[in-house]
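Since the structure comes first, as C-alpha coordinates, the remarks are kept for the end.
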Amino acid sequence: MLHIPVLVVISDFEGTGVHSWIQSKTDNVLCGTSLCRQQALQFGVPPNQVYQISGMILRPSFYDHVRGKATVVDRSAKVAELGLDPTKRTCLVFWGGVGNRKLMAASLALLNCKHQLNLILLCGHNKPLYNSMKQIKWPNKVIIEEYTPNVSFYMEISDMIVCKPGPGVTSEAALLGLPILVEWSPFTLPQEVAVCKWIISRGLGLSFTRSKQISGLVDSLCDMMGEFEPTRKLRPVPI
(Lines give C-alpha, C1' and ligand atoms only; values in the text may rest on other atoms or scores of the structure.)
Protein backbone atom coordinates (compact mmCIF):
# COMPACT_ATOMS: atom_id res chain seq x y z
CA MET A 1 0.00 0.00 0.00
CA LEU A 2 3.03 2.27 -0.02
CA HIS A 3 2.11 3.49 -3.52
CA ILE A 4 -1.13 5.12 -2.28
CA PRO A 5 -0.68 8.85 -1.45
CA VAL A 6 -1.60 9.95 2.08
CA LEU A 7 -3.24 13.31 2.79
CA VAL A 8 -3.09 14.50 6.41
CA VAL A 9 -5.78 17.11 7.16
CA ILE A 10 -4.59 18.94 10.28
CA SER A 11 -7.44 20.25 12.44
CA ASP A 12 -5.18 21.98 15.00
CA PHE A 13 -3.29 25.25 14.65
CA GLU A 14 0.02 23.39 14.97
CA GLY A 15 1.21 20.30 13.16
CA THR A 16 4.05 19.30 15.50
CA GLY A 17 4.60 19.30 19.24
CA VAL A 18 3.14 17.14 22.01
CA HIS A 19 0.44 15.83 19.67
CA SER A 20 2.20 15.69 16.33
CA TRP A 21 0.12 15.36 13.18
CA ILE A 22 3.13 15.31 10.87
CA GLN A 23 4.81 11.92 11.04
CA SER A 24 6.30 11.33 7.60
CA LYS A 25 8.09 13.42 4.97
CA THR A 26 6.25 11.46 2.27
CA ASP A 27 2.77 12.58 3.37
CA ASN A 28 0.77 15.35 1.74
CA VAL A 29 -0.19 17.88 4.42
CA LEU A 30 -3.21 20.20 4.47
CA CYS A 31 -2.51 23.11 6.85
CA GLY A 32 -5.07 25.55 8.22
CA THR A 33 -2.56 28.12 9.53
CA SER A 34 0.67 29.71 8.34
CA LEU A 35 2.38 28.40 11.50
CA CYS A 36 1.39 24.84 10.66
CA ARG A 37 2.73 25.26 7.13
CA GLN A 38 6.06 26.50 8.48
CA GLN A 39 6.27 23.50 10.80
CA ALA A 40 5.57 21.08 7.96
CA LEU A 41 8.37 22.60 5.88
CA GLN A 42 10.75 22.59 8.85
CA PHE A 43 9.93 18.92 9.42
CA GLY A 44 11.14 18.24 5.90
CA VAL A 45 7.93 17.76 3.96
CA PRO A 46 8.61 18.94 0.36
CA PRO A 47 6.94 22.29 -0.47
CA ASN A 48 4.93 20.72 -3.30
CA GLN A 49 3.28 18.40 -0.71
CA VAL A 50 2.30 21.18 1.72
CA TYR A 51 -1.03 22.92 1.06
CA GLN A 52 -2.18 25.90 3.09
CA ILE A 53 -5.88 26.72 3.13
CA SER A 54 -7.59 29.79 4.60
CA GLY A 55 -8.28 28.26 8.02
CA MET A 56 -9.93 25.34 9.79
CA ILE A 57 -12.60 23.44 7.86
CA LEU A 58 -15.92 24.64 9.30
CA ARG A 59 -19.60 23.89 8.94
CA PRO A 60 -20.84 25.47 5.65
CA SER A 61 -23.38 27.64 7.49
CA PHE A 62 -20.56 29.83 8.80
CA TYR A 63 -19.39 30.65 5.28
CA ASP A 64 -22.97 31.44 4.26
CA HIS A 65 -22.88 34.47 6.57
CA VAL A 66 -19.87 36.16 4.97
CA ARG A 67 -19.07 34.72 1.54
CA GLY A 68 -15.56 36.16 1.72
CA LYS A 69 -16.48 39.78 2.41
CA ALA A 70 -17.54 42.05 5.25
CA THR A 71 -21.29 41.85 5.72
CA VAL A 72 -23.39 44.25 7.82
CA VAL A 73 -26.21 42.63 9.79
CA ASP A 74 -28.96 44.31 11.82
CA ARG A 75 -29.60 42.02 14.75
CA SER A 76 -32.43 43.88 16.49
CA ALA A 77 -35.35 41.87 15.12
CA LYS A 78 -33.58 38.52 15.51
CA VAL A 79 -32.59 39.27 19.10
CA ALA A 80 -36.10 40.45 20.00
CA GLU A 81 -37.68 37.33 18.47
CA LEU A 82 -35.61 35.22 20.87
CA GLY A 83 -36.94 37.14 23.87
CA LEU A 84 -33.68 39.02 24.43
CA ASP A 85 -33.26 42.77 24.87
CA PRO A 86 -32.34 44.33 21.49
CA THR A 87 -30.91 47.41 23.26
CA LYS A 88 -28.27 45.38 25.11
CA ARG A 89 -25.11 43.60 23.98
CA THR A 90 -25.24 39.83 23.76
CA CYS A 91 -22.58 37.46 25.06
CA LEU A 92 -22.36 33.87 23.82
CA VAL A 93 -20.83 31.29 26.17
CA PHE A 94 -19.83 27.99 24.58
CA TRP A 95 -17.52 25.18 25.72
CA GLY A 96 -17.73 22.86 22.73
CA GLY A 97 -20.19 20.23 21.59
CA VAL A 98 -19.62 18.00 24.63
CA GLY A 99 -20.09 20.82 27.14
CA ASN A 100 -18.25 21.44 30.39
CA ARG A 101 -19.14 22.74 33.85
CA LYS A 102 -16.70 25.59 33.27
CA LEU A 103 -19.52 27.06 31.22
CA MET A 104 -21.56 27.53 34.39
CA ALA A 105 -18.72 29.29 36.22
CA ALA A 106 -18.14 31.59 33.25
CA SER A 107 -21.85 32.34 32.89
CA LEU A 108 -22.27 33.19 36.58
CA ALA A 109 -19.19 35.41 36.42
CA LEU A 110 -20.88 37.47 33.69
CA LEU A 111 -23.57 38.49 36.17
CA ASN A 112 -20.96 40.69 37.86
CA CYS A 113 -20.46 42.87 34.77
CA LYS A 114 -21.35 46.54 35.10
CA HIS A 115 -22.71 46.32 31.55
CA GLN A 116 -25.93 44.31 31.56
CA LEU A 117 -25.83 41.66 28.85
CA ASN A 118 -28.08 39.24 27.08
CA LEU A 119 -26.67 35.74 27.61
CA ILE A 120 -26.74 32.81 25.20
CA LEU A 121 -25.49 29.67 26.96
CA LEU A 122 -24.88 26.56 24.86
CA CYS A 123 -24.45 23.42 26.96
CA GLY A 124 -23.76 20.93 24.17
CA HIS A 125 -24.49 17.27 24.84
CA ASN A 126 -24.10 17.77 28.62
CA LYS A 127 -27.63 17.12 29.85
CA PRO A 128 -26.81 17.43 33.59
CA LEU A 129 -25.20 20.82 32.91
CA TYR A 130 -28.22 21.95 30.92
CA ASN A 131 -30.58 20.92 33.72
CA SER A 132 -28.48 22.74 36.32
CA MET A 133 -28.35 25.89 34.22
CA LYS A 134 -32.13 25.87 33.72
CA GLN A 135 -32.68 25.77 37.49
CA ILE A 136 -30.83 29.05 38.05
CA LYS A 137 -32.91 32.23 38.31
CA TRP A 138 -31.02 34.46 35.92
CA PRO A 139 -31.40 38.24 36.39
CA ASN A 140 -30.37 38.79 32.77
CA LYS A 141 -32.27 37.90 29.63
CA VAL A 142 -30.97 34.45 28.80
CA ILE A 143 -31.24 31.60 26.31
CA ILE A 144 -30.04 28.16 27.44
CA GLU A 145 -29.75 25.38 24.90
CA GLU A 146 -28.44 21.85 24.72
CA TYR A 147 -26.55 20.77 21.59
CA THR A 148 -27.58 22.89 18.61
CA PRO A 149 -26.54 23.07 14.95
CA ASN A 150 -27.33 26.81 15.01
CA VAL A 151 -24.05 28.03 16.50
CA SER A 152 -23.37 30.21 13.44
CA PHE A 153 -26.69 32.00 13.95
CA TYR A 154 -25.98 32.64 17.62
CA MET A 155 -22.53 33.97 16.76
CA GLU A 156 -24.04 36.28 14.16
CA ILE A 157 -26.33 37.97 16.69
CA SER A 158 -23.73 38.12 19.50
CA ASP A 159 -21.22 40.83 20.33
CA MET A 160 -18.60 38.56 21.94
CA ILE A 161 -17.95 34.96 22.90
CA VAL A 162 -16.49 33.37 26.04
CA CYS A 163 -15.14 29.94 25.20
CA LYS A 164 -12.45 27.31 25.50
CA PRO A 165 -9.46 27.66 23.13
CA GLY A 166 -10.62 25.06 20.65
CA PRO A 167 -9.38 25.50 17.07
CA GLY A 168 -12.90 25.06 15.72
CA VAL A 169 -14.88 27.50 17.85
CA THR A 170 -12.21 30.21 17.72
CA SER A 171 -11.95 29.89 13.94
CA GLU A 172 -15.72 30.17 13.67
CA ALA A 173 -15.73 33.31 15.82
CA ALA A 174 -12.84 34.83 13.86
CA LEU A 175 -14.58 34.15 10.56
CA LEU A 176 -17.58 36.16 11.76
CA GLY A 177 -15.44 38.90 13.34
CA LEU A 178 -16.63 38.08 16.87
CA PRO A 179 -14.36 39.24 19.75
CA ILE A 180 -13.10 36.22 21.72
CA LEU A 181 -12.52 35.82 25.46
CA VAL A 182 -10.66 32.57 25.87
CA GLU A 183 -9.49 30.53 28.84
CA TRP A 184 -5.66 30.30 28.97
CA SER A 185 -4.34 28.73 32.15
CA PRO A 186 -1.61 26.29 33.26
CA PHE A 187 -4.17 23.55 32.57
CA THR A 188 -4.77 24.51 28.93
CA LEU A 189 -4.09 21.56 26.63
CA PRO A 190 -0.74 21.86 24.81
CA GLN A 191 -2.32 21.83 21.36
CA GLU A 192 -4.67 24.64 22.41
CA VAL A 193 -1.93 26.97 23.66
CA ALA A 194 -1.19 27.82 20.01
CA VAL A 195 -4.81 28.94 19.66
CA CYS A 196 -4.49 31.26 22.67
CA LYS A 197 -1.28 32.78 21.30
CA TRP A 198 -2.94 33.31 17.92
CA ILE A 199 -5.94 35.11 19.44
CA ILE A 200 -3.76 37.47 21.48
CA SER A 201 -1.14 38.11 18.79
CA ARG A 202 -3.80 38.91 16.18
CA GLY A 203 -5.68 41.23 18.53
CA LEU A 204 -8.82 39.11 18.24
CA GLY A 205 -9.62 38.98 21.93
CA LEU A 206 -8.49 38.60 25.52
CA SER A 207 -7.56 35.68 27.76
CA PHE A 208 -8.38 34.76 31.35
CA THR A 209 -6.98 32.18 33.76
CA ARG A 210 -9.85 32.17 36.27
CA SER A 211 -13.56 32.75 35.83
CA LYS A 212 -13.56 35.63 38.32
CA GLN A 213 -11.56 37.66 35.78
CA ILE A 214 -14.24 37.42 33.10
CA SER A 215 -16.51 40.25 34.23
CA GLY A 216 -13.70 42.80 34.27
CA LEU A 217 -12.50 41.73 30.83
CA VAL A 218 -16.00 41.88 29.38
CA ASP A 219 -16.53 45.36 30.82
CA SER A 220 -13.21 46.48 29.30
CA LEU A 221 -14.23 45.00 25.96
CA CYS A 222 -17.61 46.77 26.07
CA ASP A 223 -15.89 50.06 26.91
CA MET A 224 -13.53 49.61 23.95
CA MET A 225 -16.46 48.93 21.64
CA GLY A 226 -18.05 52.26 22.58
CA GLU A 227 -21.75 52.98 22.26
CA PHE A 228 -23.86 49.94 21.49
CA GLU A 229 -25.12 49.61 17.93
CA PRO A 230 -27.64 47.01 16.72
CA THR A 231 -25.68 46.50 13.49
CA ARG A 232 -22.40 44.61 13.33
CA LYS A 233 -19.96 43.81 10.54
CA LEU A 234 -19.23 40.15 9.92
CA ARG A 235 -15.62 40.52 8.82
CA PRO A 236 -13.51 37.41 8.00
CA VAL A 237 -10.07 37.29 9.62
CA PRO A 238 -7.17 35.59 7.77
CA ILE A 239 -5.19 33.09 9.79
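What the table shows:
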| quantity | calculated |
| --- | --- |
| Cα-based reach from Lys137 at 19 Å (exclusive), listing aspartates and glutamates while leaving out same-chain residues under 8 positions away | Asp85, Glu145, Glu146 |
| Expected 222 nm ellipticity per residue - DSSP helices of 4 or more, -39500 (n - 2.57), all of the chain, to 500 | -9000 deg cm²/dmol |
| For Gln52, distant residues with modelled amide H under 5 Å away | Cys31 |
| Of all accessible heavy-atom area on the chain, the percent that carbon and sulfur account for (1.4 Å) | 56 |
| Fraction of antiparallel bridges per DSSP, region 26-123 only, in percent to nearest 5 | 0 |
| Region 116-239 shape via C-alpha gyration tensor axes, a/c threshold 1.5 | rounded |
| Dimensionless Rg ratio for the chain, taking C-alpha atoms and the 2.2 N^0.38 Å reference | 1.08 |
| Accessible area per residue in Å² at 1.4 Å probe, computed on region 127-198 | 39 |
| Region 183-199 and region 1-63: distance between their alpha carbon centers, rounded to Å | 20 |
| Note, ³J(HN,Hα) from phi for region 175-187, Karplus 6.51, -1.76, 1.60, rounded to Hz, x at Gly and Pro | 4, 9, x, 9, x, 10, 10, 10, 6, 9, 9, x, 9 |
| Cα gyration tensor shape of region 51-182, rounded if a/c is under 1.5, else prolate or oblate by comparing a/b with b/c | oblate |
| Residue of Phe13, Phe187, Phe208 that the Gaussian network model of the chain assigns the largest fluctuation, springs spanning Cα pairs under 10 Å | Phe187 |
| Over 22 Å between alpha carbons, listed pairs Lys164/Lys197; Lys88/Lys197; Lys78/Lys114; Lys164/Lys212 | Lys88/Lys197; Lys78/Lys114 |
| Antiparallel DSSP beta bridges within the chain, as percent of all bridges there, nearest 5 | 15 |
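The values are calculated or read from the model by the stated rules, or taken from the named source; none is laboratory data. Fair warning: this is a prediction, and the values are worked out from it, not measured in the lab. Ligands, DNA and RNA are stripped out before the accessible areas are found, and what is left, the full protein with its side chains, is counted by its heavy atoms. Shrake-Rupley method; radii C 1.70, N 1.55, O 1.52, S 1.80 Å.
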